[in-house]
1. Hey, can you tell me all the residues within region 33-43 that are under 19 Å from residue 17 (Cα atoms) and either more than 14 Å from the chain's Cα centre (by Cα) or surrounded by fewer than 15 Cβ atoms within 10 Å (Cβ to Cβ) (or both)?
2. When residue 99 is evaluated against the numbered criteria (1) in contact (Cβ under 8 Å) with a residue 60 or more places away in the chain; (2) out of contact with any strand residue (DSSP E or B) (no Cβ under 9 Å at 6 or more places or on another chain), which criterion, by number, is the only one it fails?
3. Is it true that some residue in region 18-41 is modelled with pLDDT of 95 or more and touching a strand residue (DSSP E or B) at 6+ places or on another chain (Cβ under 6 Å)?
4. Restricting region 87-104 to residues that are part of a loop (DSSP other than H, G, I, E, B) and within 15 Å of residue 53 (Cβ to Cβ), which is modelled with the lowest pLDDT?
5. Kindly check whether there is at least one residue in region 66-73 that is surrounded by fewer than 12 Cβ atoms within 10 Å (Cβ to Cβ) and either closer than 30 Å to residue 7 by Cβ or modelled with pLDDT of 90 or more (or both).
């Protein structure tokens, strides 16, 4: 549970900081027909994971779904890290973030 602008936000994290997870995701790239570079492909797939929860209802607090990785895991997976990518203080790189608004409860 975190706070965002004084309101409670329940955060769920897809932890993609293990090279074997990234490599498993990349194995499907060709099968899915993606022509994006590896980093962009991973961002899109992570966004899809996070978006799959966007239709949740009945929550009485904001829900936040994040997919995170780090430069080390990407480098070990031979995925170049774009120079302009934002990193959190702990080195995490957010690939996707989706907030689900309060919808009753």
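The values are calculated or read from the model by the stated rules, or taken from the named source; none is laboratory data. Since this is a predicted model, take the numbers as computed values, not measurements. When we count neighbours, we look across all protein chains shown, and the Cβ atoms used for this are built from the backbone with ideal geometry, even at glycine.
1. Selection gives 37, 38, 40.
2. Every condition holds for residue 99 apart from (2).
3. no
4. 103
5. Within region 66-73 (the criterion being surrounded by fewer than 12 Cβ atoms within 10 Å (Cβ to Cβ) and either closer than 30 Å to residue 7 by Cβ or modelled with pLDDT of 90 or more (or both)), the answer is no, since none of the residues qualifies.
So that you can scan it fast, the table gives a plain yes or no per residue for (1) exposed (fewer than 14 other Cβ atoms within 10 Å of the Cβ); (2) more than 12 Å from the chain's Cα centre (by Cα):
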residue	(1), (2)
17	no, no
25	no, yes
31	yes, yes
58	yes, yes
84	yes, yes
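A quick yes/no check of all residues on (1) in a loop (DSSP other than H, G, I, E, B); (2) out of contact with any helix residue (DSSP H, G or I) (no Cβ under 6 Å at 6 or more places or on another chain); (3) closer than 12 Å to residue 94 by Cβ; (4) free of Cβ contacts under 8 Å to residues at least 24 places away in the same chain:
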site: 14; (1), (2), (3), (4): no, no, yes, no
site: 23; (1), (2), (3), (4): no, yes, no, no
site: 34; (1), (2), (3), (4): yes, no, no, yes
site: 41; (1), (2), (3), (4): no, yes, no, yes
site: 47; (1), (2), (3), (4): no, yes, yes, no
site: 54; (1), (2), (3), (4): yes, yes, no, no
site: 63; (1), (2), (3), (4): no, yes, no, no
